[in-house]
Each structure stands twice: as C-alpha cells, then as structure tokens.
2 protein chains.
Amino acid sequence: MICGVKSMSDKNKVFFLICDGLGDRPLNELKGGTPLEAADTPVMDELAYRGITGIMDPISPGLPPPSDSAQLAIFGYPFNQHPGRGVIEALGSSIPLKKGELAFRCNIATVEEANGILYVKDRRAGRIKGDDAKEIEKLVNDIGEIKGVGFLFKHTLEHRGVLVLRGNLSRHVTDMDPHKVDVPVAKCIPREDAKDTLKARKTADILNEFTRKVYFTLKDANVNKERVKVGLPPGNFILIRGAGKLGETESFNLKWGFKAAAVAAAPMYRGIAKYLGMDLYTVPGGTGLPNTDYKGKILKALELLERYDFVYVHIKAPDVSSHKGNWKEKIEVIEKIDGALENILDSNNILKVVTTDHVTSCKSKMHTGDPVPILISGPNVFPDNVKRFCERTVYRGGLHRIKGLDLIPILMNLTNRSIEFGVQLTAKARFYFKSDYEPFSVQ
Amino acid sequence: MICGVKSMSDKNKVFFLICDGLGDRPLNELKGGTPLEAADTPVMDELAYRGITGIMDPISPGLPPPSDSAQLAIFGYPFNQHPGRGVIEALGSSIPLKKGELAFRCNIATVEEANGILYVKDRRAGRIKGDDAKEIEKLVNDIGEIKGVGFLFKHTLEHRGVLVLRGNLSRHVTDMDPHKVDVPVAKCIPREDAKDTLKARKTADILNEFTRKVYFTLKDANVNKERVKVGLPPGNFILIRGAGKLGETESFNLKWGFKAAAVAAAPMYRGIAKYLGMDLYTVPGGTGLPNTDYKGKILKALELLERYDFVYVHIKAPDVSSHKGNWKEKIEVIEKIDGALENILDSNNILKVVTTDHVTSCKSKMHTGDPVPILISGPNVFPDNVKRFCERTVYRGGLHRIKGLDLIPILMNLTNRSIEFGVQLTAKARFYFKSDYEPFSVQ
C-alpha cells in the first residue's frame with residue numbers, strides 16, 4: 001500500500017501567467033520608455049502593490065533564452081533535462097513521436113542562391129501561413145526517403161513546422177538556421193560534444209541531402225511563383241534547428257506535488273505542458289496571436305483552479321508583436337492582458353504570478369538576456385514598496401534578483417507545500433514533499 | 001616545521017548570534033505584522049542603523065531548512081559535508097559515538113494503531129519530559145539486541161532523543177518520521193541513492209523490527225497508563241530520522257582560520273559546534289528554552305572574545321515559541337535577546353552579526369523557506385539606510401539577497417582575514433588563508 005498524505009488546510013493554489021516576451025528595452029519612439037511602461041496596467045500595478053516584485057534571470061544573467069529552455073527552467077527543470085526543441089514542438093503539434101525518432105523545429109523561410117550558397121532573406125517567408133504553407137508541407141512530404149530514413153514534415157502555426165526523421169540517427173547535430181538574415185544557411189555537421197560522431201555524421205549528411213532536395217523542390221513550385229507574382233517572399237526552404245529525442249522526465253506533478261493544468265494555444269507551449277505532464281486545455285478563441293481571447297484564457301484558468309493546484313496560462317501575443325518590432329501593438333496587447341487579469345485580482349487564497357520567459361526587444365526584434373520582471377501576489381507574501389509593474393521599478397522589489405530555477409521552490413514555500421530540506425521520507429530521499437511513502441505496519 | 005603567519009593589526013573579531021527561528025510571516029493576530037516587527041528592539045535597530053542589512057537564503061530560495069543543514073551552510077559547509085542529523089544530536093548529547101556507529105535523531109511520540117498501521121497523533125507526545133521520558137528511555141534500552149545489533153537510546157531535551165546502533169550497518173535508510181500528524185509512520189526502507197543496498201536493506205529491516213518492539217513495549221507501559229489517566233498523550237513510539245555516521249570534516253578553525261568558540265545549550269547546536277571543532281561553553285542558566293539566561297550568554301561571549309576570534313552564540317528560544325505558535329512569547333523572547341545585546345552594542349573592533357538559521361512561522365508552527373533577516377555591524381561595514389531590523393525593512397539593505405554559504409567569506413573579508421582568490425599558499429591550494437605553510441630553508 002502506498003499512502004497519500006492529507007493536504008494542509010492552507011496549501012494555497014497558484015495562478016501562473018507567462019506573458020511571452022513581456023519586457024523590453026528603452027525605445028526612442030517612447031522617449032526611452034518601454035511598452036510595459038507606456039501601457040496602462042492598473043491590475044498588474046495593483047497586484048504589484050499587494051505583492052512582492054523583483055527581477056529574474058530565466059537561465060542566468062545576460063543569457064538570451066529561447067522560450068523552451070526558459071520555460072523549462074522556470075518550471076524547475078535544468079537544461080540537462082531538455083529533450084531538444086524539436087521534441088517540444090512535435091508534442092505541441094500532436095505529432096505522434098515515438099522513442100528514438102529525431103525531431104526538429106522548422107521555419108518555412110525565404111532563401112536566395114548565389115554561387116550555390118543559400119542566403120537567408122526572410123526567416124519566416126513573410127510569416128507564410130494557410131494554404132501556401134499547407135502546399136509546401138505537401139511538397140516536402142513528397143520528397144520521400146533518403147538512405148532508408150523516412151521524413152515527416154508538419155506545418156503548425158504561421159511559418160512554423162516540425163520535421164521528424166525515422167531511422168537510427170543522432171540528436172547531436174548542429175542547427176542549419178543561422179538565426180539571422182543576409183547570411184548563408186549553415187551546413188549541418190556533428191556537434192563538437194557529440195559522443196556518437198559516426199552516427200551524427202550520417203545524420204548530418206542525410207539532413208544536408210534532404211534540405212538540398214527541399215530547396216530544389218520548392219524553388220520553382222507553383223505556390224512560390226504565385227507568391228512572388230503578388231509581391232510575397234517565396235517559401236523556398238525549410239530552416240531546421242533544435243534536434244531532439246523523446247527522453248524520460250519526471251512529471252511536474254510528481255516532481256513538485258502540484259496537480260497542474262495548462263491553458264496554451266501555440267504549439268511549443270502546448271509541447272512544454274505535455275512534456276511536463278500537465279493537463280492541457282484550450283479556449284475556442286485562443287490563437288497564440290495578438291487576436292487571442294485574453295479574457296477567455298483567464299476565465300478558463302479560474303475555472304480550472306477549482307480542481308487544479310497550479311494553472312499555467314501562456315499568452316504568446318507580446319512576443320509576436322515584439323518580433324515584428326510593433327511596439328504600438330505590444331502596448332495594446334499588454335493592456336488587453338491587464339484588462340483580462342481583473343477577473344482574478346480578488347480571488348482569495350490563490351497565489352498570482354505574472355512574469356515572462358524572456359524579454360523580447362521591439363528594437364532588435366529578438367530575445368535579449370535582460371532579467372525579466374516578476375510579481376508574486378497573494379497569501380504569505382510580504383508586500384514591498386513597488387507600486388508599478390514595469391522594468392524600471394521591479395528591481396527595487398523584495399524578491400531581489402532570482403533565477404528561473406528558484407521560482408517553483410519559492411512558490412512551493414509560499415503555498416506551504418515544501419517540506420524541510422534533507423527530510424528523507426521517500427526512497428528517493430527527495431528534498432521536496434512526495435505523498436508516496438510506504439506506511440509502517442506492526443502487524 | 002609548520003609556520004604561523006602573524007596577525008594583521010586590524011584582523012577584527014566576530015560576534016555571531018543565531019536567534020533560532022527569528023523571522024516570521026504576516027500574522028492576523030498582529031494585523032499582518034510579525035513578532036520581530038511588534039517587538040521593541042532598540043539595540044538590534046541601532047546595530048542595523050550602524051550596520052548593513054539584507055536577506056539570506058540559508059540553503060537556497062524557497063527551501064525550508066532544518067536547523068542542522070542551515071547552520072552548517074551558514075558556517076560554510078555544504079550539504080555533502082553533513083554527517084547526518086543523528087551524528088549532530090549524538091555529539092551534542094555527549095554520547096560517545098564511535099566511527100562506524102549509526103545514529104538517529106528521535107522524537108518520543110504518540111501514535112494510534114488502526115489495522116496494524118501506526119498513525120502519528122503527536123510528534124512530541126505532548127512535549128513529554130522529565131521522569132516520564134527517563135522511564136521511556138529505560139524501557140527502550142531494555143529491549144536488547146536484534147540480529148546481533150545493539151541499541152542505545154538516550155533521552156535528551158524534552159521529547160528529543162538519540163538512538164545509536166552498533167553493528168555493520170548503512171546510513172542510507174529513510175526517515176520513519178513523516179513530519180506530520182494524522183498520517184502513518186513511514187516504513188524504513190533503503191534510500192534510492194544507496195550504493196550499499198543490501199546493507200541498507202538489512203539496516204532498514206532491523207530498524208522496523210526494533211521500532212515494532214518499541215511500540216509493543218511502550219503501549220501498555222505503566223508510565224503511559226498514568227499519562228493517559230491525567231489526560232496526557234502517551235509516549236508510545238520513537239520516531240526516528242536523520243541517519244548518520246561520524247565522518248571526517250575539516251574544523252572551522254582550519255577551514256576559515258578563525259579560532260572559534262560556541263555558547264549553546266540545546267543538544268543539536270552543541271553537536272554542530274563539536275562537529276566543527278569549536279570550543280564549547282555553557283552558562284549556568286542556559287537552557288535552550290525561553291527561560292534561558294540571555295544576558296549570561298552574551299556576557300560569556302564578550303568574555304570569550306578576549307581570547308577567541310569568532311564566538312557563536314545560539315539562542316533556541318524564538319524557535320521554541322514559534323513551534324508552539326506562541327507569538328506573544330516570541331515577542332517577549334525577542335525583546336529579552338535585544339536587552340541582553342545592549343552589553344555588546346558598543347564593543348569596539350568586533351564585527352557583530354545577528355541572524356537566524358531559518359524562519360519559523362507562528363502560524364504553521366513549522367520552518368518556512370522564506371529568506372531570513374540578517375544584520376552585520378562593525379568595522380569596515382558601509383551602513384545602509386535601514387534603521388529597523390525586521391522582515392519588512394531588511395530586504396532594502398545593502399547586503400541584498402545572499403546565500404548561507406556566502407556568509408563566512410563575507411565575514412572573512414570584513415575582518416581582513418581573506419587572502420586573494422587563487423593564491424596557493426599551502427599544498428591544498430585553498431581559497432582562504434591557512435597559517436600552515438612550510439617555510440623555505442636554505443640550509
């Protein structure tokens with residue numbers, strides 16, 4: 001018999017909001033201000049006033065993290081437990097990934113050839129989507145096997161996609177996506193830290209050959225001729241990155257003892273939630289874009305908090321606006337999030353966390369390594385003197401500067417869910433509480 | 001010949017006060033305030049005014065530490081140098097522990113049987129003490145050997161005790177104490193990280209058998225019949241935890257170059273001091289309880305500072321009051337500590353440190369993972385703008401947020417005892433100064 005331990009009456013619940021890409025850098029257009037500073041955010045400010053604030057390095061100071069690594073860190077999973085971005089994307093796109101299969105995150109992109117070298121002109125092919133993207137998906141899947149390795153390309157949201165390889169391959173290969181424009185596509189090669197060099201070499205060769213075929217298949221395809229005709233950049237390449245394989249990981253519920261649910265629309269965040277074993281929910285109007293149903297997501301979270309301990313809401317919109325450099329839209333998006341948050345402001349006994357996984361700058365249109373603003377409001381929190389939630393105020397907050405990996409232990413503590421460090425209650429001698437010990441019987 | 005290096009003239013000394021369990025959480029009874037805020041503490045406030053303040057995570061953010069791990073960390077010893085709580089308790093209770101013997105921290109507890117399962121009703125058997133506890137000690141020691149393994153149970157302070165096992169056994173077994181009430185006693189099993197699984201299995205079996213005998217010995221014992229008759233919970237079980245064996249550790253004096261003394265009354269803190277090789281002192285009125293001789297302890301420290309570099313004073317009382325949930329007593333205890341501190345306020349050339357090893361909440365009656373308040377006052381310190389020593393003010397202090405393991409290096413620095421990082425003066429290439437290098441001879 002394995003025995004559960006009863007809850008303490010004051011084990012509070014957690015509402016956990018990630019406003020993807022929320023922070024920013026001083027913008028000339030805003031006279032040195034940021035979208036978060038320019039936005040009218042009475043609810044976030046009230047939460048900050050009632051709560052504790054601070055800055056957080058999602059990974060470590062100065063490191064600009066991608067959303068996947070940052071969110072895993074914020075959920076308490078260090079980088080060595082990352083299965084690779086491709087796996088997260090595949091899970092989030094409901095691609096039935098089997099153990100041993102190799103998955104990549106892809107962008108449908110625009111390249112230009114010069115002396116046989118492919119130069120990246122647009123990493124998102126003008127944010128290609130809809131029928132054009134579907135047609136490209138079909139053409140790529142018609143390429144067929146290479147050296148006995150099967151390929152499955154699945155278009156997901158906008159220009160995004162996932163590529164799965166079926167064969168005895170290595171995940172230790174480099175990205176072909178240079179993450180920049182006007183530079184050449186990178187050749188795929190074995191990573192320097194690969195211990196399976198031969199297999200990695202074979203994998204890289206197959207990927208170089210496959211993407212060569214992708215280019216020659218797509219460059220003269222009708223869909224792209226039509227796009228060029230109307231002034232749109234052609235989707236003539238698939239930039240791959242984030243090689244990954246499904247591994248074993250401990251679920252969020254088991255690791256931390258929170259029964260957790262997620263409300264997310266964009267594939268990668270759905271993938272994170274699935275990878276961590278959170279129950280995944282959507283709302284009809286959730287799009288992963290600035291036109292998402294903000295209020296619907298917050299209301300869904302409130303409903304889920306009736307039967308879950310921890311509800312993670314992901315809102316992608318601020319990141320989307322930032323990557324476009326559209327600071328006006330970013331301000332609007334932040335104000336819409338703030339308006340929706342009013343529904344949870346006065347919910348008692350719920351610890352409310354508002355933060356982001358990384359800063360996305362409207363100026364560089366990229367993630368930065370700046371620390372992110374964070375607020376925690378609710379039971380057991382000592383309010384600090386910060387009354388406004390923005391980049392320029394929260395550094396004075398009572399949380400000071402924390403790391404992403406510290407966040408869940410802090411929330412465990414504030415919701416009375418931690419047990420004493422060093423308590424050796426279960427076979428695994430965990431630091432944190434597990435309700436899975438064997439009772440002592442005298443019979 | 002090993003050669004000592006002469007002191008620099010301004011190598012100051014350290015008065016190091018641990019007010020066990022000092023911090024707290026917002027209490028409704030104090031309108032959201034804490035005992036430290038409610039207490040009248042002119043001396044601590046003056047030390048804060050003259051000094052630097054901050055918050056400290058004894059282990060790491062959010063982790064509620066037990067006193068033993070926290071104090072080891074604060075003295076600069078990471079968790080992998082922890083010999084096990086049982087060893088600390090045994091040393092502190094002057095039980096002559098030999099190398100290889102296995103020691104546990106114990107509570108005399110009250111359990112209730114249902115279908116052979118023992119449910120914890122009171123982890124401290126109504127804080128049993130005196131003759132009742134001594135009688136239980138005698139009965140437990142009469143049980144005798146199991147499979148050639150001898151047992152020694154020694155009652156220490158109130159409900160506390162130490163169990164020592166003599167035989168070829170493993171320390172890699174789990175706690176039987178679930179650290180909660182109304183849940184079953186946990187069966188002792190090998191820890192999952194045990195590398196000596198067979199020996200750990202044998203150890204666990206013997207412990208389960210021994211504690212079964214303890215229960216059947218105590219449940220109908222006269223001492224417990226008498227206790228029940230007068231409405232007291234029976235001491236009918238021994239909850240064991242913190243398996244440990246004496247290991248090798250570098251003394252505090254050798255590791256940091258401070259000649260250190262400790263003034264402590266409660267067994268565990270005496271154990272910490274002994275384990276670290278500090279010279280241990282007591283005062284006649286030191287009890288480890290709220291009725292201790294506060295002034296006597298501080299005066300003893302002042303006297304010891306004449307001939308020691310570092311004097312650690314441990315006051316258990318705030319923790320005792322907090323575990324009882326008695327916030328009124330906690331306020332009184334804090335005020336008594338403050339009164340006693342007046343004797344050291346104006347001592348020149350002594351660096352004064354006031355902090356705690358963990359927060360103990362009067363609400364949950366347990367340790368929390370909140371950061372602890374700390375002040376450092378004396379030579380070489382830049383005073384900050386914090387004029388009041390309490391949870392709500394010190395987060396604004398100049399120390400910001402530090403970790404327990406950072407504290408001794410900070411004190412080494414302020415007392416001019418550190419040498420530059422990377423200097424390899426001794427064979428061990430230590431980061432910190434050791435006066436044990438061999439002189440160069442030209443003969």
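Bear in mind that the values in this text are calculations on the coordinates, not laboratory data. Here the structure is a predicted model, which means the values were calculated and not measured. Every residue, glycine as well, gets a Cβ built from its backbone with ideal geometry; the counts of neighbours run over all protein chains shown.
For chain B, the calculated P(r), taken from all Cα-Cα distances in 20 Å bins from zero up to the bin holding the longest distance, is 24, 53, 21, 1, 0 percent. Its Kirkwood hydrodynamic radius, worked out from the mean inverse distance over all distinct Cα pairs, puts segment A:167-232 at 13.7 Å. Of B:Y77, B:Y215, the sequence from fewest to most neighbouring Cβ atoms within 10 angstrom is B:Y215, B:Y77.
In vacuo Debye scattering of segment A:155-288, one point per C-alpha: log10 I(q)/I(0) at q = 0.11, 0.22 Å⁻¹? Reported log10 I(q)/I(0), two decimals: -0.59, -1.26.
Normalising by the residue count of segment A:12-84, find the relative contact order in percent from Cα pairs under 8 Å and 6+ residues apart. In percent, rounded to a whole number, it is 15. In this structure the amide hydrogen of B:L102, modeled in the peptide plane, comes within under 5 Å of the amide hydrogens of B:L165, B:G167, none closer than 5 places in sequence on its chain. Residues of chain A were split at every exposed loop site, defined as GluC sites (Glu not before Pro) in a DSSP loop with at most 10 other C-beta atoms within 10 angstrom, and the longest piece left, sites excluded, is A:1-191.
In nanometres and ascending order, the distances from the A:Q81 label point to those of the other copies are 2.8 (point 7 Å from Cα along Cα→Cβ).
Hydrodynamic radius of the protein assembly as shown by the Kirkwood approach over all distinct alpha-carbon pairs: 30.3 Å.
Using a Gaussian network model of chain B in which every pair of alpha carbons under 10 angstrom is joined by a spring, one finds that among B:I117, B:I408, B:I206 the greatest mean-square fluctuation is at B:I117.
Ordering B:F16, B:F151 by the number of other Cβ atoms within 10 Å of each residue's own Cβ, fewest first, gives B:F151, B:F16. Dividing the mean sequence gap of close Cα pairs (under 8 Å, 6+ apart) by how many residues segment A:90-245 holds gives a relative contact order of 33 percent.
In loop segments of segment B:84-147 as defined by DSSP, the trypsin sites (Lys or Arg not before Pro) with at most 14 further C-beta atoms inside 10 Å of their C-beta are B:K98, B:K99, B:K147. Overall form of segment A:223-333: oblate. Here a/c, set by the Cα gyration tensor axes a ≥ b ≥ c, is 1.5 or more, and a/b is not larger than b/c. Bridges between two residues of the protein assembly as shown, per DSSP, are antiparallel at a rate of about 60%. The modelled label-to-label distance for the pair B:E113/A:E112, using points 7 Å beyond Cα in the direction of Cβ, is 8.7 nm.
Each copy carries B:D196; placing its label point 7 Å along the C-beta direction from Cα gives inter-copy distances of 3.8 nm, listed from smallest up.
Scalar couplings 3J(HN,Hα) for segment A:250-261, obtained by applying the Karplus form with A = 6.51, B = -1.76, C = 1.60 to θ = phi - 60°, are 7, 5, 4, 4, 6, 5, 10, x, 8, 7, 10, 10 Hz; x denotes Gly and Pro. With R₀ set to 45 Å, the beta-carbon distance separating B:Q81 from A:R392 gives a calculated FRET efficiency near 0.60.
As a proxy for reagent exposure, ranking B:W256, B:W327 by other Cβ atoms within 10 Å from fewest up yields B:W327, B:W256. Take the Cβ atoms of A:D10 and B:K403, set R0 to 30 Å, and the FRET efficiency comes out at 0.65.
Can you check what the net charge comes to around A:K11, using other residues whose Cβ is under 9 Å from the Cβ of A:K11 (Lys, Arg +1; Asp, Glu -1)? Summing Lys/Arg as +1 and Asp/Glu as -1 gives 0. Summarising the strand pairing of chain B, around 60 percent of its internal DSSP beta bridges are antiparallel.
Measuring nothing but how far apart in sequence close Cα pairs (under 8 Å, 6+ apart) lie, relative to its length, chain B scores a relative contact order of 32 percent. On the basis of the beta-carbon distance and an R0 of 25 Å, A:K31 and A:S60 show a calculated FRET efficiency of 0.20.
One equal scatterer on each Cα of segment A:90-245, no solvent, Debye formula: the resulting log10 I(q)/I(0) at q = 0.08, 0.20 Å⁻¹ is -0.20, -1.30.
Backbone N atoms of segment A:199-230 closer than 11 Å to the 7 Å Cα→Cβ label point of A:D142 belong to residues A:217-218, A:221-223.
Fully extending the segment from A:L289 to A:D40 would add 87.6 nm, taking 0.36 nm per residue of separation and subtracting the current Cα-Cα distance. Remark on A:K324: its backbone amide H falls under 5 Å from none of the residues 5 or more positions apart or on other chains, H modelled at 1.01 Å from N. The residue of chain B whose Cβ sits closest to the rotation axis that maps B onto A, together with that distance in whole Å, is B:H400, 3. Among B:V149, B:V111, B:V320, the largest mean-square fluctuation in a Gaussian network model of chain B, built with springs joining Cα atoms closer than 10 Å, belongs to B:V149. With a 10 Å cut-off between alpha carbons and a GNM built on chain B, which of B:G286, B:G231, B:G92 moves the most? Looking only at B:G286, B:G231, B:G92, the biggest GNM fluctuation is shown by B:G231. The modelled label-to-label distance for the pair A:D205/A:R166, using points 7 Å beyond Cα in the direction of Cβ, is 2.3 nm.
If the chain linking A:D279 and A:K324 were pulled fully straight, counting 0.36 nm for each residue of separation and taking away their Cα-Cα distance, it would gain 13.1 nm. Database remark: amide H of B:D122 closer than 5 angstrom to the amide H of B:T110 (H placed geometrically; neighbours at sequence offset of 5 or more, or on other chains; Pro and chain starts carry no H).
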